[in-house]
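Reviewing the structure listed below.
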Amino acid sequence: MVDYNLLRKIGEDIKKHLDVPLCIFDTEGNLIYGKEDFFEKKAGFLDLMVEYIEERDVYYIGEFTCYNIFYDNNPVFVIALKGKTEEEKKLILAISLIFRYFDENLSKEDYLINVLENRLPSSLLSYYAHRYKIDNTVSYNVAIVEVENEIEDAVKIVLNIFERKAVHVIKIGKKRFAVIFPSRYRENLVQLFKTMKDMIESEGYLKNVKIAGSFSSFPLEKLHVAYKEAEKALFFGEKLEGERGIYLYQDYIYSEILWGMDKEKAEEFLERVNIGEDLLKDEELMQTLNAFFRNNLNLSETSRDLYIHRNTLVYRLDKILKMSGLDARKFDEALLLKLAITLAKLYDISR
C-alpha cells in the first residue's frame, strides 16, 4: 500500500526545484498531489483511460507529459508535468527515478549509501531514518576505512569501539567501508582514528590500514558533504603522506586548491625552488617534515609525535636545510618547502 502522505511530501520536495506544475494521480485519475487549476478537467485527468495505464513510457494527455509508476508490474500512480517539450520529457524521467525507492524497499545499508551519495529527497531521507531508528536530530561525522585485505574483521573491531546503536557501518567495496558516528565522538578525532587503526592492525592482524575523514560534523541530510570530504582526504593523504595512514580533510584543503593548478606552472615553481630529488626520496626526512608541518613547526610537539629526541629532530631539520637550502624552522621557508613537496607529489614531478 502506497503512503499517499509520503507521496505528497515528495511531490512538495520536487516542486521546489521545478518551474512547471507537477501533479500526481492514482490509477483512477484522482488527484494525490497538485492543484486542480493547473489543468482542465476536460483534458481527461479525472477519467484516465485504461490504455494509458498500461503504458510504461512517456505519453501525453492534453498539455501534460505523463509517466506511469509500476510496482510489482502493477500500475500504482501517475506523475504529470505541464508542458510537452523535450525538457519536460527529460524532467519526468528524472523524477520517476525518485519514486522507484518505494518499490525497492531500501535496506538500511542501501539507504545509508544513498544518504552518503545524496540521492534521496528529504522526505524519503526522514522516512527511512525513522524506519531504521536513526536519529536525524543530531550531527554526524564520516570516516572511510581502507584495508589491504577483506574488511569483515575490521568492521567487527570498529563496531566494538563505539556504542552499537550509535555507529553505522556501510561496506563500499571489498577493501573499504564507511563509518557514520555522532559528533560527540569527535572531541579528539585524530586520537579516535589512531585507536581504530591500532586496534584493526593489532587485533585483526591487518597491515597498512588507512582512515580518512572530515573534522566537521553534519546533519543527516548534509552527510554527503562529510563523505565527499573524507574521500578527498583519503585521495590527497595517500598522495602526500602515505606513510601516516590517518588523514583529515582540513589538513589538505590547500592541496585541493593546488590540484587545479596548471602542471607547467607547477614545474616552473619547482625549478625555481629546486629542493632536490634526494630529499623527496628520503622517506624518513619526508615523514619528519610532514609531522613538523602538522604540528605547526613546534619542535617539542613534533618530537613527541615521532617518538624521537628533540636533538634528533634538530639534526634532521639541519640535514633538510643542507639538501634543500630552506630552513623549515622559519615560516616563509617552511611555506616554500611545503608548497614544493606538495606540488612534486601531486603531479609526480621529479627534480
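Across segment 286-303, computed HN-Hα scalar couplings (Karplus, 6.51 cos²θ - 1.76 cosθ + 1.60, θ = phi - 60°) run 5, 4, 5, 4, 4, 5, 5, 5, 5, 9, 6, 6, 8, 5, 5, 4, 5, 4 Hz from first to last residue, x flagging Gly and Pro.
By the rule of a C-alpha distance below 18 Å, with chain neighbours fewer than 8 residues away ignored, the lysines paired with Lys330 are Lys319, Lys322, Lys338. How big, in percent, is the set of alpha carbon pairs in segment 110-255 lying more than 24 Å apart? In whole percent, the share of Cα-Cα pairs in segment 110-255 beyond 24 Å is 27. Count Lys and Arg as plus one, Asp and Glu as minus one, and take only other residues whose Cβ is under 11 Å from that of Lys133; the net charge is then +2.
For volume of the Cα convex hull per residue in Å³, the value computed from the atomic coordinates appears in the list (1) 173; (2) 140; (3) 203 under label (1). Amide H to amide H distances under 5 Å link Ile246 with Ile211, where only residues 5 or more positions off or on other chains count and H is placed in the peptide plane. The modelled label-to-label distance between Glu267 and Lys84, using points 7 Å beyond Cα along the C-beta direction, is 5.8 nm.
In order along segment 269-285, the Karplus-derived 3J(HN,Hα) couplings, from 6.51 cos²θ - 1.76 cosθ + 1.60 at θ = phi - 60°, round to 4, 5, 5, 6, 6, 6, 7, x, 6, 4, 5, 5, 8, 8, 4, 5, 5 Hz, and Gly and Pro are given as x. At q = 0.14, 0.22, 0.26 Å⁻¹ the log10 of I(q)/I(0) for segment 231-303 amounts to -0.53, -1.21, -1.29, computed by Debye summation with a single uniform scatterer per C-alpha, solvent ignored. In this structure, the pairs whose alpha-carbon distance is over 29 Å, taken from Lys9/Lys133; Lys16/Lys222; Lys82/Lys232; Lys9/Lys174; Lys82/Lys108; Lys197/Lys345, are Lys82/Lys232; Lys9/Lys174; Lys82/Lys108.
If you run the Gaussian network model on the chain, springs between alpha carbon atoms under 10 Å, then out of Asn298, Asn290, Asn118 the most flexible one is Asn298. Electrostatic bookkeeping for Arg184 treats Lys and Arg as +1 and Asp and Glu as -1; over the other residues with beta carbon under 12 Å from its beta carbon, the sum is -2.
Working from Cα positions, state the angle (0 to 90°, nearest 10) between the long axis of helix 122-131 and the longest principal axis of the chain. Tilt of helix 122-131: around 80 degrees.
Okay, helix-only estimate at 222 nm for the chain: each DSSP H run of n ≥ 4 adds -39500 (n - 2.57), divide by all residues, round to 500 deg cm²/dmol; what do you get? When only DSSP H runs of four or more count, the value is -15000 deg cm²/dmol.
Note on Lys35 and Asn208: the model spin-label points, each 7 Å out from Cα along the C-beta direction, lie 6.1 nm apart.
On the beta carbon distance between Met199 and Asp348, with R0 = 35 Å, the FRET formula returns roughly 0.55. Over all pairs of different C-alpha atoms, segment 108-179 has a mean inverse distance whose reciprocal, the Kirkwood radius, equals 13.1 Å.
Available extension along the chain between Asp135 and Glu221 is 29.8 nm, counting 0.36 nm per residue and deducting the alpha carbon span.
The slack in the chain from Asn298 to Tyr71, taken as 0.36 nm per residue of separation less the alpha-carbon distance, amounts to 75.5 nm. For the listed residue pairs Lys171/Lys207; Lys194/Lys281; Lys207/Lys239; Lys194/Lys228, the alpha carbons are over 24 angstrom apart in Lys194/Lys281. Extension gain, Thr27-Asn5: 0.36 nm per intervening residue step, less the Cα-Cα distance, totals 6.3 nm.
Taking 7 Å steps out from each Cα toward its Cβ at Asp318 and Leu335 produces label points 2.8 nm apart. Starting from the Kirkwood radius over alpha-carbon pairs of segment 261-346, derive D by Stokes-Einstein at 20 °C in a medium of 1.002 mPa s and give it in µm² s⁻¹. In µm²/s, the coefficient is 164.
Looking at segment 163-224, the GluC sites (Glu not before Pro) that sit in a DSSP loop and have at most 16 other Cβ atoms within 10 Å of their own Cβ are Glu163.
Taken together, the values in this text are just the output of simple stated rules run on the coordinates, not laboratory data. Only a predicted model underlies this, so the values are computations on that prediction, with no experimental measurement involved. Virtual Cβ from ideal backbone geometry, glycine too; neighbours counted across all protein chains shown.
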